[in-house]
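Novice: Right, I'll just put the structure down here and ask away after.
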Amino acid sequence: MANSTSALTSLPIYSRLDPLRRETRLLTLHPSKDHTIPINASLHVVSLYHHHHYEALSYCWGSDETQPSISLSGQDFKINSNLHSALFRLRNGRHPRIIWIDALCINQKDVAERGSQVQLMEEIYKRCESCFIWLGESNNKTNTAIMVLRDWAGAGHLHDYNFSASHITAAAELTSRPWFLRLWTVQESILPQNLVVICGEDTWSWSIFVDAFKSLEKHLTSPCCSVHNDTANEHVRQINEFIQAVAVIEHSRDLYPKKRDPLTCLNTFRVRDAKDARDKIYGLLSLIHLPDEKFIEVSYEDPVEKIYTRLCEKFIEQAGSLEVLKYVLRGVDGEQSKRLTLPSWVPDWTLRIPEPRWQQGRLNRYSLYNACGRTSKRYKPEFLDIAQKSILKVKAISCGTVASVGEERHADMGEQLPKDWYGLAAASCSREASIVRDDFFRTVIMDTFVDLAGGKVKPSRRATHVDYKKYRKWPALIVEGSWPKVTDGLHFSLETATLLRSFFVTSDGHFGIGPAGMKPRDEIFVVEGGSCPLVLRSTDQNNHYILLGDCYLDKFMDGEAITEFETRSKFVYIE
């Protein structure tokens, strides 16, 4: 008997999985009523070609030095303390629990297996009977937070129940926990049918978060409770962060199983953390629409830079356009130097994008423009490898050189533009004051308008003569540095167009809104295959540039530069 036990415990925990049989492992969490008894679990291999009854866990891996041990298939196995706590809470007193947990069901030391299992994630989480969201242990705010969430979910007016600062802080603390910041938890919360939230000893349905955010969103954007919507108030900011944390998940749950546009999805969740930068892409594969299965091949062996560059090239080739370049948002996280050694034309998906909803609102507007006009129909990309640099060769026409750049409009400026913006506009040209003011107004809303319906923001559209007539008094107010505090379409247009951006004027007197890091002498180009102008900076090598980002250049968004494209365009090399 002793020899049999010894032979058993010496067997490896992880046997080889067969990808052709779509194999994965399920964990059996063995029961115990005594919490002092160590965790005991075992693994067994199953094929996803067959139906299985199991649950799943969504949690944060964390990075701590203390690694408690469990018994896994008869052997001592170290795990992180957050998972250890979750297993204690999930362990049943009488019955075994069958559950899928990534850190245990995948051999994390086998790079090939990790890549293979990532491609099964969608099926694994779709099939689970419930997915447990482990937020961590409770604290002295947890009971208050649950009470507040139930109040908010009641759909009453904000003044009908306790809306105190301490209660807001308690509720917001839940959605500021690491689970809401981790990238892998995105698909883990979108794919399952049933979500159960666990925080310490407390368990409740995900629906309480959903009902709370929907009620808050409705009332904060309605006249009935607008008195509470003071964007300068710290606690209103906490409420808005709570709303966004839940909304970004729930909107995706509503959309699924329809797949999302890959670039929008990658940008929406690029604020989420991932230990491995490759997972910024791989962790979202189950949610995005791809033209074919081989468009993105999961490989943890390739360098991150190679994966990001290859993906960008494929987007350009597949779309026949340069739309992916608008996702190059250099310096928006406050770091002028990039973490990765990427070509300037390749989006760095590791950048933490502040105010992602406003950023995406601006980027979505570029579908309304066609700066490159008819040239977009014949664009063919050309990728070069020169002196170990990946270079994008494009045909482009210069639309001017930057003469002056205003201060960046920071989030803490409230309902106003930087004071130097209109001063730059007025001092830069000889046009009549009324024309300068109108041109400035058109620029700072990017000549677009956003409609609201029932508190919901509808897709942006180009501004019309009726819009400008309706808001004819606003240019003067904006020129003075602020605008009325109203939650209507113009407010959203101004916010999304200007937040974290800078106003600039070209040497020819044209106005624009571009990346905050731009400087005088940078150049604006309309590029064949691009709907928006690009801001490029010379490397001092003939026709070689680095890309700073996209921009709106007034009177150049509808193909105006293309009339001279054949005679004035040149090849530009973006490093």
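Novice: Based on alpha-carbon atoms only, what is the radius of gyration of region 436-575 relative to the globular estimate 2.2 N^0.38 Å?
Specialist: Details: Rg = 16.7 Å, N = 140, 2.2 N^0.38 = 14.4 Å.
Scaled against compact globular proteins, the figure is 1.16.
Novice: Kindly list the residues of region 86-121 that lie in the label zone of residue 13, defined by a backbone N under 14 Å from the point 7 Å along the Cα-to-C-beta vector.
Specialist: Correct set: 101-110.
Novice: What are the chymotrypsin sites (Phe, Trp or Tyr not before Pro) within region 29-84 that DSSP puts in a loop, where the Cβ has at most 10 other Cβ atoms within 10 Å? Intermediate results must be reported in sequence, preceding the final value.
Specialist: On the way: sites: 49, 54, 59, 61, 77; in loops: 49, 54, 59, 61.
In loop regions of region 29-84 (DSSP not H, G, I, E or B), the sparsely surrounded chymotrypsin sites (Phe, Trp or Tyr not before Pro) are 49.
Novice: In debye, nearest 20, what is the charge dipole magnitude of the chain about its Cα centre with +1 on Lys and Arg Cβ and -1 on Asp and Glu Cβ, if you could check?
Specialist: Working: 70 positive and 72 negative charges, 164 e Å.
So the magnitude is around 780 debye.
Novice: A further question follows. Between the DSSP loop rule and a limit of at most 16 other Cβ atoms within 10 Å, which GluC sites (Glu not before Pro) in region 44-117 are left?
Specialist: Numbers: sites: 55, 65, 113; in loops: 65.
Here the sparse-neighbourhood loop sites are 65.
Novice: Another question, then. With a 10 Å radius around each residue's Cβ, average the other Cβ atoms per peptide and rank 541-554, 501-514, highest first.
Specialist: Descending packing order for the listed peptides: 501-514, 541-554.
Novice: Related question: Rounded, prolate or oblate: pick one for region 80-127, where a ≥ b ≥ c are the square roots of the eigenvalues of its C-alpha gyration tensor, a/c under 1.5 means rounded, and failing that, prolate if a/b is larger than b/c, else oblate. Mind showing how you got there, number by number?
Specialist: Working: a/c = 2.86, a/b = 1.63, b/c = 1.75.
Cα axes put region 80-127 in the oblate bin.
Novice: I'd like the orientation of helix 142-153 relative to the chain: the angle between its Cα long axis and the longest Cα principal axis, in ° from 0 to 90, rounded to 10.
Specialist: 60
Novice: Radius of gyration and Dmax for region 12-129's Cα atoms, expressed in Å?
Specialist: So, for region 12-129, Rg and Dmax equal 14.0, 42 Å respectively.
Novice: For region 134-255, what's the relative contact order in percent, using C-alpha pairs closer than 8 Å and at least 6 residues apart?
Specialist: Numbers: 139 pairs, mean separation 44.2, N = 122.
It rounds to 36 percent for region 134-255.
Novice: Same structure, new question: Calculate, for residue 202 and residue 34, the FRET efficiency according to 1/(1 + (r/R0)^6) with r their C-beta to C-beta distance and R0 35 Å; round to the nearest 0.05. All intermediate terms of the calculation are to be shown ahead of the outcome.
Specialist: Numbers: r = 22 Å, r/R0 = 0.62.
Rounded to the nearest 0.05, the efficiency is 0.95.
Novice: Kindly rank 515-528, 171-184, 398-411 from highest to lowest mean number of other beta carbons found within 10 Å of each residue. Let's see the in-between values first.
Specialist: Values: 515-528: 21.0, 171-184: 19.4, 398-411: 17.9.
Output ranking for 515-528, 171-184, 398-411: 515-528, 171-184, 398-411.
Novice: Starting from the Kirkwood radius over alpha-carbon pairs of region 134-255, derive D by Stokes-Einstein at 37 °C in a medium of 0.692 mPa s and give it in µm² s⁻¹. The partial results should precede the final answer.
Specialist: Values: Rh = 14.7 Å.
It comes out at roughly 223 µm²/s.
Novice: May I ask for the net charge around residue 241, where only other residues with Cβ less than 14 Å from the Cβ of residue 241 are counted and Lys, Arg are +1 while Asp, Glu are -1?
Specialist: Surrounding charge for residue 241 is -1.
Novice: Cα centroids of region 60-135 and region 236-289: how far apart, whole angstrom?
Specialist: Taking the Cα centre of region 236-289 as reference, the centre of region 60-135 is 22 Å away.
Novice: Which whole number in µm²/s is D for region 249-400 by Stokes-Einstein, with the Kirkwood Rh taken over Cα pairs at 20 °C and 1.002 mPa s?
Specialist: Details: Rh = 16.8 Å.
Value of D from the Cα-based Kirkwood radius: 128 µm²/s.
Novice: Give the relative contact order (percent, whole number) for the chain; include only Cα pairs under 8 Å separated by 6+ residues.
Specialist: On the way: 1027 pairs, mean separation 69.5, N = 575.
Answer for the chain is 12 percent.
Novice: Continuing with the same structure: Could you run the Karplus curve 6.51 cos²θ - 1.76 cosθ + 1.60 with θ = phi - 60° over region 71-77 and give me ³J(HN,Hα) per residue in whole Hz, x for Gly and Pro?
Specialist: 8, 10, 6, x, 10, 5, 9
Novice: Please give me the summed charge of the neighbours of residue 554: other residues whose Cβ is under 15 Å from its Cβ, Lys and Arg +1, Asp and Glu -1. Intermediate values should be presented prior to the final figure.
Specialist: Working: positive: 365, 431, 437, 442, 462, 501, 555; negative: 438, 439, 447, 508, 550, 558, 560.
After counting each charged neighbour, the total is 0.
Novice: For the chain, place one equal point scatterer on every Cα, skip the solvent, and apply the Debye formula. What is log10 of I(q)/I(0) at q = 0.08, 0.10 Å⁻¹?
Specialist: -0.64, -0.94
Novice: Give me Rg over Rh for region 511-564, both radii from the alpha carbons and Rh done the Kirkwood way, two decimal places. Please list the in-between numbers first.
Specialist: Values: Rg = 11.2 Å, Rh = 11.7 Å.
A ratio of 0.96.
Novice: Quick check: residue separation of residue 275 and residue 75 times 0.36 nm, minus the Cα distance between them. What number comes out in nm? The partial results should precede the final answer.
Specialist: On the way: separation 200, 0.36 × 200 = 72.00 nm, distance 2.68 nm.
Here the segment from residue 275 to residue 75 would lengthen by 69.3 nm.
Novice: Between helix 489-498 and the chain, what is the angle of the helix's C-alpha long axis to the longest principal axis, kept within 0 to 90° and rounded to the nearest 10?
Specialist: 90
Novice: Sticking with this one: Among all the aspartates and glutamates, which ones have a C-alpha under 13 Å from residue 555's C-alpha, if same-chain residues fewer than 8 places away are not counted?
Specialist: Here the aspartates and glutamates satisfying the reach criterion relative to residue 555 are 438, 439, 447, 508.
Readers should treat all values here as calculations from the given coordinates under stated rules, not as data from a laboratory. No experiment lies behind these values; they were computed from the predicted model shown. Methodologically, a virtual Cβ is constructed for each residue, glycine included, from the backbone with ideal geometry; neighbour enumeration extends over all protein chains shown.
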